[in-house]
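Here's the structure we're looking at; comments come further down.
The values are calculated or read from the model by the stated rules, or taken from the named source; none is laboratory data. These numbers were taken from a predicted model, which means no experiment stands behind them. Positions of Cβ are generated from backbone atoms using ideal geometry, with glycine treated the same way; all protein chains shown enter the neighbour counts. With ligands, DNA and RNA removed, areas are computed over all heavy atoms of the protein, side chains included. Shrake-Rupley method; radii C 1.70, N 1.55, O 1.52, S 1.80 Å.
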Amino acid sequence: MRIPFDNSYAQLPPQMYTAQLPTPVKAPQVIATNAALATILGIDPAELATPDAAQVFAGNHIPDGAAPLAQVYAGHQFGNWNPQLGDGRAVLLGEVVGKDGIRRDIQLKGAGRTPYSRSGDGRAWLGPVMREYLVSEAMHAMGVPTTRALAAVTTGEDVYREERLPGAVIARVAQSHIRVGTFQFFASRGDMQALQALTDHVIARHYPDATGPADLLDLVIARYAKLIAYWMGLGFIHGVMNTDNVSIAGETIDYGPCAFMDGFHPDSVFSAIDQYGRYAYSNQPGIGVWNMAQFATALIPLMPDRDAAIEDFTAAVHRMPALYEEAWLSVFGAKLGIADPQEDDRKLITDLLDLMAKDGADFTNTFANLNTTNARDQFIDRDAFDTWAARWQTRKSAGAAQIMAQANPHIIPRNHRVEEVIQAGRTGDYAPFHALLAAVTAPYASLTEATARFAREPSKDEMVTRTFCGT
């Protein structure tokens, strides 16, 4: 397979990564490939159908021009500092400059042990690979900045968690895999050479208009604020907003215990390891600010006047809530068909959300059906909804239906549907996976007889209340 690699991270100081080959696997087989993404990357889609594709995406065959490596980083995990993490089960094959002019990484997740694996085996099992493929491609289809899936393969080998499970690898694509935790790693060690090189690299790669760390901080904060507003507008819960899972490029990254809410409850937590609700839906904006404070702290050593930098960076972080609220108002205004939402519209939005929370209305279907009588059926207190709807009718913009159609998906990767395809995949049946993938990558299309089942909220016995981190 020919991949037009043009690597830059591998040219940075050697303490920023470890050269690392993937560990070969026994008998790789392709589950899915992404021809549209391959085309953007400059890869001939026809090559995705060749036997070599499985060998490349499993890590058995290293294409010419690749520079495989594992990145090192640190991070706050559930608020607790871990001074060294890193790519414990992922190998960055290299970078390509796509036909759209954007530089992107191609990474194999589940590719075997690295120096940062600690006690892990460096492998992934099929379930999380299928989940990440589905959710990341759905997020892209809904217009949310995200990593993407280029391919998924089974390995022909089992991995062992609490039971024996089929192994798999996902080829993940991102504008980069640089994280807040990458900056924290070098700042905490006082490695100014690496910290400066990393900053220069990120500015050149992602924020060419920035003139230094202060501008970089402002621009990352602005992207991150918008990203979280996108999540909130979809009822999405990332589940593990540790600083090592925060992309400097402003993309959604590391789909572990993630979930989209069915019934709306602001304090929803799906992560099986988030015992205290740190990363609950309603906490995501505040955690975003906390994460940016850690990023600011990591940049301070680069500044010539530390005291002035602390004051300026603190002010920058304190501006984030207002940036988020502005983005949130824009996102939810569009969901209500309001073209130019004003501050007075905030109460209209929050009143609806309060009604939804009170009655456990399905998040996606309520918004998708606001222009029909079906939305009313989501509520127990229908008189209260009718009173709200009368207010809303006076505020809708001309062309509201079109605005709402582009802001409110009919289909999301609902937890129970994802679990269904994972269970089918464990038996070697990938037809349900491909059917769900086709549905979630056309989220705004009108429902048909074939796709309506993917929009249905789960029955009580279908509900998935806990998801698990990692692979």
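Structure above, values below:
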{"item": "Shape parameters for the stretch 97-138, alpha-carbon atoms, Rg then Dmax in Å", "result": "13.8, 40"}
{"item": "Accessible surface, per residue, of the chain when the full set of protein chains is kept, probe 1.4 Å, Å²", "result": "40 Å²"}
{"item": "10 Å-binned pair-distance histogram of the stretch 53-146 (Cα, whole percent)", "result": "14, 36, 40, 10, 0"}
{"item": "Alpha carbon centroid spacing (whole Å) that separates the stretch 336-364 from the stretch 396-438", "result": "23 Å"}
{"item": "Among the listed pairs LYS347/LYS396; LYS26/LYS99; LYS226/LYS358; LYS335/LYS358; LYS226/LYS460; LYS347/LYS460, those beyond 23 Å (Cα-Cα)", "result": "LYS26/LYS99; LYS226/LYS358; LYS226/LYS460; LYS347/LYS460"}
{"item": "Evaluated over the stretch 344-438, the Cα radius of gyration and Dmax, each in Å", "result": "17.1, 53"}
{"item": "Geometric extent, Cα atoms of the stretch 190-333 - Rg, Dmax (angstrom)", "result": "15.9, 50"}
{"item": "Long-range amide H partners of ASP362 with built H, under 5 Å", "result": "PHE264"}
{"item": "Vicinal HN-Hα couplings computed from phi for the stretch 251-258 (Karplus, 6.51 cos²θ - 1.76 cosθ + 1.60; Hz; Gly/Pro x)", "result": "9, 6, 9, 6, 7, x, x, 7"}
{"item": "THR252 long-range amide H proximity, modeled H, under 5 Å", "result": "THR146, THR147"}
{"item": "For the stretch 194-221 versus the stretch 253-304, the gap between their alpha-carbon centres in whole angstrom", "result": "23 Å"}
{"item": "The chain, accessible surface, carbon-and-sulfur percent (1.4 angstrom probe)", "result": "52 percent"}
{"item": "Kirkwood Rh in Å, taken over all unlike Cα pairs in the stretch 322-365", "result": "11.0 Å"}
{"item": "Kirkwood-based Rg to Rh ratio, the chain, C-alpha trace", "result": "0.97"}
{"item": "At 0.692 mPa s and 37 °C, Stokes D of the stretch 169-260 from Kirkwood alpha-carbon radius, µm² per second", "result": "231 µm²/s"}
{"item": "Peptide ranges 54-62, 378-386 listed from the most packed, as the mean C-beta count within 10 angstrom indicates", "result": "54-62, 378-386"}
{"item": "Residue-wise HN-Hα coupling along the stretch 213-223, computed from phi with Karplus coefficients 6.51, -1.76, 1.60 (Hz; x: Gly, Pro)", "result": "x, 5, 5, 4, 4, 4, 6, 5, 4, 4, 5"}
{"item": "Backbone HN-Hα couplings from phi across the stretch 365-374 [Karplus 6.51/-1.76/1.60, Hz, Gly and Pro as x]", "result": "6, 4, 5, 5, 10, 4, 7, 10, 6, 5"}
